[in-house]
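**Student:** My structure is below; once you've seen it, I'll send some questions.
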């Protein structure tokens, strides 16, 4: 085991984690927001409209796909900032946050993404069959090609940053504090849910309705990360989920508004929760067979501090 066991290496004082989080948020919302700021400066008359509809960047005279890209750029900038800061702040390499080694396991990333995409396709086809009136064709134009390119190029960075931060960096940090796996898994899943509390879905359906979905997603990613001893599979699932939704299905309350193929008119959050649970359980079962994971008792095991680690 390497991923959580490597948590003790380097410098782990609490203030270092606070500085890292504050720094990546600050950089993402300044440098990452430059394209949006420039667009506002070019079209100051639309600033009032943007203030009344903060998620609708198209009022600035840009296309929905460009607006979609603008939403993703801050995540890329945040990830770059994290890569630059992890060694001076915490005294360990970026790859140590990925899996505690020096190698990114690309087979984990792609196989996990393929499993999730396959299950998502089946779920969408079943939904279209059972409730066709709830879906309408939204986009079959040539703009779909550009959407696919932007989604495949940028969305994985957004997913990677969130997984690096929660299932990598913070899960390792809480491992140092709790010296086990289950508490870091639960705490980071709750924090992951809370991070999404400003999403438009929360405003549409309510905090207590949407938080279980976000926390469940965090638990799925976290279980995969612990069982696979690294976060490559979690990144693959997360990226696959977001890419699939951005290209194939949109709805008016979605955080990432894209000209997807289908528009879903009515969302039933608790029905979505049940199916998400089934999809997550099925994905974990399949990946366990593919990667030959051990017993799930690992989730409840202790994490021993190795020797020769640095002081905070």
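The values are calculated or read from the model by the stated rules, or taken from the named source; none is laboratory data. All figures in this text were calculated on a predicted structure; none of them were measured in a lab. A quick note on method: Cβ atoms are made from the backbone with ideal geometry, for glycine too, and the neighbour counts reach across all protein chains shown.
**Student:** Checking the structure you have, find out if any residue of segment 245-266 is in contact (Cβ under 8 Å) with a residue 60 or more places away in the chain and within 13 Å of residue 163 (Cα to Cα).
**Tutor:** No, there is no match, as no residue in segment 245-266 is in contact (Cβ under 8 Å) with a residue 60 or more places away in the chain and within 13 Å of residue 163 (Cα to Cα).
**Student:** Let me ask you something else. Filter segment 78-108 down to residues that are under 17 Å from residue 15 (Cα atoms) and surrounded by 18 or more Cβ atoms within 10 Å (Cβ to Cβ), then give me how many there are.
**Tutor:** Selection size over segment 78-108: 5.
**Student:** Turning to a different aspect of this structure: Starting from segment 27-43, take each residue that is over 18 Å from residue 75 (Cβ atoms) and list its partners that are loosely packed, with under 15 Cβ neighbours inside 10 Å, counting only C-beta distances under 6 angstrom and pairs at least six apart or across chains.
**Tutor:** Correct list of pairs: 40/47; 43/61.
**Student:** Residues being assigned to a helix (DSSP H, G or I) and surrounded by 15 or more Cβ atoms within 10 Å (Cβ to Cβ): count how many of those fall in segment 259-271.
**Tutor:** Within segment 259-271, the first condition is being assigned to a helix (DSSP H, G or I), and the residues that meet it are 269-271.
Filter once more, so that each one left must be surrounded by 15 or more Cβ atoms within 10 Å (Cβ to Cβ): 269.
Final tally of qualifying residues: 1.
**Student:** So which of 230, 218 is crowded, with 24+ Cβ neighbours inside 10 Å and outside any helix (DSSP H, G or I)?
**Tutor:** Testing whether each residue is crowded, with 24+ Cβ neighbours inside 10 Å and outside any helix (DSSP H, G or I) leaves just 230.
**Student:** Answer yes or no as to whether residue 264 is at pLDDT below 95, over 23 Å from residue 21 (Cα atoms) and in contact with a strand residue (DSSP E or B) (Cβ under 9 Å, 6 or more places away or on another chain).
**Tutor:** Details: at pLDDT below 95: no; over 23 Å from residue 21 (Cα atoms): yes; in contact with a strand residue (DSSP E or B) (Cβ under 9 Å, 6 or more places away or on another chain): yes.
Spelling it out, it is not the case that residue 264 is at pLDDT below 95, over 23 Å from residue 21 (Cα atoms) and in contact with a strand residue (DSSP E or B) (Cβ under 9 Å, 6 or more places away or on another chain).
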